[in-house]
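Each value in this text was obtained by applying a stated rule to the coordinates, not by laboratory testing. As the structure is a computational prediction, the values presented were derived from the model and not from experiment. Methodologically, a virtual Cβ is constructed for each residue, glycine included, from the backbone with ideal geometry; neighbour enumeration extends over all protein chains shown.
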């Protein structure tokens, strides 16, 4: 419904009346706003003079494109799916993270990362663990493949071509495993991503609620 | 159905229907907001897609105006829709769906704003840029500002407002919701909404004149001209 008056409103009176009265819904006020929003140049300055805050009606609008809306819907669906993964009982959860399947598991990893409830905790935990591992992995040692030794207490599974054992021995001159942290956590998973020039190892512990 | 939807929308509410092609969503597009929420409560995830399609525009707009950042607005609205899904059972049918949804977005945006205050970048560069713009325009400064510049000014000056003042000003003055709706969204009495609105306007006017004296000059000039 358009309230637009045929001639320019008396902005000074309208603004003063609006400030004095409790009723904020006067038709005259809305009609005047429609008039202003319609782009009348004749009374625009008078309107801003009467109430400078009216200028904020011209603050940039955010009109999303259809593609943005589609992306938004997809992101929300991903969050919902991630929430469902989180709700699964441990036995069901295991098959997503502990299978012996080859590298075809980026999707579960992604879903684990997009956990809306504790997304910050996950990110911090993952980042911290990853950084520690990265520091050790990139220590100045020769990069001959080290003998793979797995800490006995680590129930970890790797989604890469090498296991974390290489990492555990890489920083040790004696060849003994370098213990980052005792991995006696049944919920801990280790992910390794190989890239030329850089190895990234991610230790994710669902039980570590940071 | 469309009529029902329009009747539900109180006077002054912004149009919430996204103008996507209707043939792309044949079933849910015919449902009104209340029916969509009922479908959500029945676990029909497809209804959420329609809700997202329908509400994204105004909700992104609100979040953007609170936060002054498009990316953050997208993040907030994304989380808001997830919350709507997760908490769908909590929706009370006695209230307006719009009010409930706006409230979720408003609260999330305010929380986000609060959390980023410590890492807020300085607004000084923005102010300097705007001063240069103003110098080139002098009289009629406000009338000549572009939407992005107005948004930058608002973002700066709104830092002077309390969270409730900011929400009330945006919802009432810019989004055009009624005082009753704003009261439900913000969680206070209507009379309190009026107080917040009055104080928000006063703070913004004062800050505008103090920080942008070039604008105040134009204001004074205009007033003098009118008086003559």
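What average number of partner chain Cβ atoms lie no more than 10 Å from the Cβ of the residues making up B:54-67?
Per residue, the number of nearby Cβ atoms from other chains is 3 on average.
Within a 10 angstrom radius of each residue's Cβ in A:40-46, how many Cβ atoms of other chains show up on average? Whole number is fine.
Mean inter-chain Cβ contacts per residue within 10 Å come to 3.
Nearest 0.05, what FRET efficiency do residue A:57 and residue B:41 give at R0 = 41 Å with Cβ-Cβ as r?
Working from the Cβ atoms, E equals 0.65.
Along Cα→Cβ, 7 Å out, is where each label goes; now give me the distance between the ones at residue A:17 and residue B:160 in nm to one decimal.
2.8 nm
Need one number: nm distance between label points at residue B:30 and residue B:89, each 7 Å from Cα along Cα→Cβ, rounded to one decimal.
Taking the two extended label points, one gets 3.1 nm.
Roughly what would the spin-label model give for residue A:66 and residue B:205, points 7 Å off Cα along C-beta, in nm?
4.6 nm
Give the average, rounded to an integer, of partner chain Cβ atoms located within 10 angstrom of each Cβ in B:162-175.
Counting other chains' Cβ atoms within 10 Å and averaging over B:162-175 gives 1.
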